[in-house]
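Below is one structure, written out as structure tokens, with a few remarks after it.
Just so you know, all these numbers are worked out from the coordinates, no wet-lab data involved. Note that the structure is a prediction, hence the values are computed from the model and not measured. Virtual Cβ from ideal backbone geometry, glycine too; neighbours counted across all protein chains shown.
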Amino acid sequence: MFQLPESPRSVTSHLSDLSCSPPKLDPSTLALLDSFFSEKAEEERRFSQIAAEQAAAKIAGLALEIDKEKEAGDKPMVSVADFRFAFSEDWQLSQFWYSEAFANQLADCLHSLCTPATKIAFLCCPTGFVAFQHKKKLEGARLFEFDQRFAVLSPSQFVPYDLNEPDVFPEALKASFDLVVVDPPYLNEVTNKQIAKTLRQILHPTNGKLLLITSTSVEDVLCEVYAEQPLGPLRKIAIDVEHKELANDFACWGSWDGAEKLSLELQP
Ligand SMILES: C[S@@+](CC[C@H](N)C(=O)[O-])C[C@H]1O[C@@H](n2cnc3c(N)ncnc32)[C@H](O)[C@@H]1O
């Protein structure tokens with residue numbers, strides 16, 4: 001049956017009803033939003049706290065005319081838990097943080113390969129750097145990273161790094177590292193070739209060890225790109241790589257003789 005359209009008056013009255021009662025979100029959505037904003041606020045608070053502590057340590061260091069390398073030397077590195085609170089993952093930069101348990105086990109494992117004089121670089125692996133330095137600080141540790149947020153963790157140990165410019169890093173770091181840990185952001189050949197270009201320049205040419213953490217989906221690429229010394233040949237290590245938010249099949253490879261025996265179970 002044909003129906004007459006509503007009169008303009010009745011439409012206006014519907015509109016005024018709408019304007020009187022704004023749309024309401026259901027309680028579960030509100031609870032989600034609430035928890036999102038609380039997490040963001042907590043993240044900002046932790047970040048500001050880390051930045052403020054670093055600034056204070058730097059000022060104290062300057063006042064006492066302490067060597068720049070030691071500007072925050074006595075201050076412990078934040079824990080992996082605090083790092084995770086302060087630095088949310090930026091998925092545009094392919095950031096997927098390790099679980100706390102894995103990062104700490106990895107740190108133990110790496111320390112077993114180091115002496116106080118070891119020079120170790122973490123390429124694209126900030127959680128690895130934090131866990132390692134939190135357990136025990138090494139002056140010769142460096143973090144090569146694109147995301148400048150991490151500079152606040154230890155300004156003198158941060159090396160700005162973009163894998164698209166693989167030759168751009170301080171001259172003093174050439175052939176200087178005994179051990180490099182790398183977790184490339186993208187799972188493809190081009191990324192690995194760029195990273196390998198940097199690694200060939202910063203690893204010690206004869207004694208340098210490489211520990212690579214990445215997805216098994218690029219295993220074929222790895223065998224080609226990291227075939228020759230000091231980057232390879234690679235040996236697969238029996239370590240289960242665990243992320244907080246990623247269920248990808250990741251694994252570890254080492255470039256040195258006996259790397260395959262490096263096992264997390266050996267650690268206390
Ligand atoms: C797959 S994540 C590895 C992080 C590691 N799972 C951890 O927990 O420390 C890759 C890292 O590469 C960094 N990255 C992204 N784009 C980059 C670029 N163009 N050059 C260098 N590093 C980059 C990201 O910021 C991120 O920290």
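Run the reach check for Lys244 against lysines, Cα to Cα strictly under 30 Å, same-chain hits fewer than 8 apart removed. What comes back?
Partners within reach: Lys40, Lys75, Lys119, Lys135, Lys136, Lys137, Lys193, Lys197, Lys209, Lys236, Lys261.
Distance between Cα centroids, the range 118-169 to the range 213-227: provide it in whole Å.
23 Å
Ranked highest first by average number of other Cβ atoms within 10 Å, how do 216-228, 173-185 line up?
Numbers: 216-228: 15.6, 173-185: 20.0.
Descending packing order for the listed peptides: 173-185, 216-228.
Just want the ordering: Arg235, Arg45, from fewest to most Cβ atoms lying within 10 Å of their own Cβ.
In order of increasing Cβ crowding within 10 Å: Arg45, Arg235.
Restricting things to alpha carbons, find the Rg to Rh ratio for the range 131-268 using the Kirkwood radius for Rh.
Numbers: Rg = 14.8 Å, Rh = 15.8 Å.
Expressed as Rg/Rh, it is 0.94.
Excluding Phe250 itself, calculate the net charge of residues whose Cβ lies under 9 Å from the Cβ of Phe250, where each Lys or Arg counts +1 and each Asp or Glu counts -1.
-4
Please report the net charge: other residues with Cβ closer than 11 Å to the Cβ of Glu224, K and R +1, D and E -1.
-3
How would you rank 35-41, 186-192, highest first, on the average number of other Cβ atoms within 10 Å across their residues?
The most tightly packed comes first, giving 186-192, 35-41.
Excluding Cys124 itself, what net charge comes from residues whose Cβ is under 12 Å from its Cβ, given Lys and Arg +1 and Asp and Glu -1? Walk me through the intermediate numbers first.
Values: positive: none; negative: Glu145, Asp147, Asp162, Asp183.
Around Cys124, the surrounding residues sum to -4.
Please give the FRET efficiency for Val190 paired with Ala247, using the beta carbon to beta carbon distance and R0 = 30 Å, rounded to the nearest 0.05.
Result of the calculation: an efficiency of 0.75.
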